[in-house]
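Nothing in this text is a laboratory measurement; each read-out follows from the coordinates by a stated rule. Because the structure is a prediction, the values reported are computed rather than measured. Note: ideal-geometry Cβ built from the backbone for every residue, glycine included; neighbour counts use all protein chains shown.
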Amino acid sequence: MFKHNLLRQLSRASTTAARPPTIQRVSPTTATRAFTTSPFTLDKSSSDPNDNGDYEHYTTSGELGAFEHEGQHSRTDKRIRVEYPEEADLPRQHPVQGRGGFHFKRTLASFSLEDRVGVVTGGARGLGLVMSQALVVSGADVAIVDLNKEEAEHQADILMSTFKKENPGADRIPKVTAHYADVSSPTSVNSALEEILGAHGKIDNLVTSAGFTENFDAIEYPHDRMQKLWGVNVDGTYLFATGVAKHLMSRNAPGSVVMIGSMSGAIVNVPQPQAPYNAAKAAVRHLASSLAVEWAHAGIRVNCISPGYMLTALTKKILDDNPALAQKWTSLIPQGKMGRPEDLMGAVTFLCSDASGYVTGADLRVDGGYTVT
Ligand SMILES: NC(=O)c1ccc[n+]([C@@H]2O[C@H](COP(=O)([O-])OP(=O)(O)OC[C@H]3O[C@@H](n4cnc5c(N)ncnc54)[C@H](O)[C@@H]3O)[C@@H](O)[C@H]2O)c1
């Protein structure tokens, strides 16, 4: 019985193998009907085996501009221009409410930042403010550094009062201080670091969030603005990181630096043109890797967080000026949503804490999947 079945299967297999593959047996009538109704399909009538019909227009042999949709979803639009707004035009950012109290859900003790001092540049607003709050909620004392000292002072008070309100009876209230610095100036950075060490005695963590973006097409980008942009985003990150590393080395203490890059350091955003910003954020990302290697011997870890589109007071203003952008941006994000500043709270706490003890030189993308498509 078994032998009989086997013989039958062998015989079927040999017949199938001898038969031409069915995929080649396309009825000419069906093919003609289906293909002639669409302008985008192959012309099968050609006898030249290298003739790809209309598809040739989609290749580099086709004329530029032959189709309306060429590059439609992956090109920048030079008509979009956004200059970084004046301070007075930016609405105030509010710290996150109602999630910073003691809780009784189990988690790893290594996530705690108790007894640490963290410095957050650009902490008066936006992502920096909420990341400062993440450090405070996790037990750290924090020094907020910003060009806008008044706002930094205001937010430092709010962070402490929010902590008190959400943790009634806490035996210790985190100390949050505010300091002026223009991160692009070495003298300003040095005097801020001195002031912070005077107030807190030490620094364990640094988060560099001071930075900004604006949109001009590359040909028209004003040179002075481009230099300012690189000064704040790149020099500012470098100056604070080296200043803090020097302090950690003199204390012979380990530490963790988290640089806020952007997904723009890995991809080119569309449709808004922003070449200098993209290049600046690529520099920040590679600075993190380079310094991670250079300072590994001293127990100083350096990582980068690359956020995608996050809704802050600043991005809200850009969207208010260009309402069509929100739809365009979210259509390119696999999760389909922009992030909120609070979506960075876990990432920054993880990278500052001992929970990430073996993570250095990494780029943690918090972008809803944007950069993987
Ligand atoms: N918002 C986003 O969608 C997004 C996405 C990716 C990356 N980022 C990056 O995150 C960081 C924070 O962005 P944000 O949206 O919170 O911006 P934001 O404008 O809301 O906050 C930036 C803060 O930095 C301060 N600052 C600016 N220049 C400074 C300087 N020279 N010295 C000291 N402080 C200075 C500002 O006063 C402000 O308080 C930036 O580096 C930005 O490039 C933002």
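Net charge of the neighbourhood of R75, taken over other residues with C-beta under 14 Å away and scored Lys/Arg +1, Asp/Glu -1, is -1. Approximating the spin labels as points 7 Å out from Cα along Cα→Cβ, the V359-to-D115 distance works out to 2.3 nm. With angles folded into 0 to 90 degrees, how steeply does helix 275-295 sit against the dominant principal axis of the chain? Use alpha carbons for both and round to 10. Roughly 70 degrees, rounded to the nearest 10.
Of the beta bridges in the chain, as assigned by DSSP with both residues counted there, near 5 percent are antiparallel.
Compute log10 of I(q)/I(0) for the chain with the Debye formula, placing one identical point scatterer on every Cα and leaving out solvent, at q = 0.10, 0.11, 0.13, 0.15 Å⁻¹, to two decimals. For the requested q values the scattering log ratios are -0.69, -0.78, -1.01, -1.32. How long are the three semi-axes of the equivalent ellipsoid of region 174-287, in whole Å, if each is the root of 5 times an eigenvalue of the C-alpha gyration tensor, listed from largest down? Whole-Å semi-axes of the equivalent ellipsoid: 30, 15, 11.
Taken along its three principal axes, the alpha carbon spread of region 104-169 comes to 38, 23, 19 Å, from the longest extent down to the shortest. The order of the peptides 98-111, 139-152 by mean Cβ neighbours within 10 Å, most packed first, is 139-152, 98-111.
A helix-only calculation puts the chain at -12000 deg cm²/dmol for mean residue ellipticity at 222 nm, using -39500 (n - 2.57) for each DSSP H run of at least four residues, averaged over all residues. Relative to the Cα centre, the charge distribution of the chain, modelled as +1 at Lys and Arg Cβ and -1 at Asp and Glu Cβ, gives a dipole magnitude of about 1960 debye.
Structure shown: which of K228/K316; K149/K317; K175/K246; K78/K281; K246/K337 lie over 28 Å apart, alpha-carbon to alpha-carbon? From K228/K316; K149/K317; K175/K246; K78/K281; K246/K337, over 28 Å: K246/K337.
The calculated FRET efficiency for Y180 paired with K337, based on their beta-carbon distance and R0 = 45 Å, is about 0.80.
Think of region 76-165 as having a plus end and a minus end, set by charges on the Cβ of Lys, Arg, Asp and Glu; of G123, Y84, F104, F104 sits farthest toward the positive end of this dipole.
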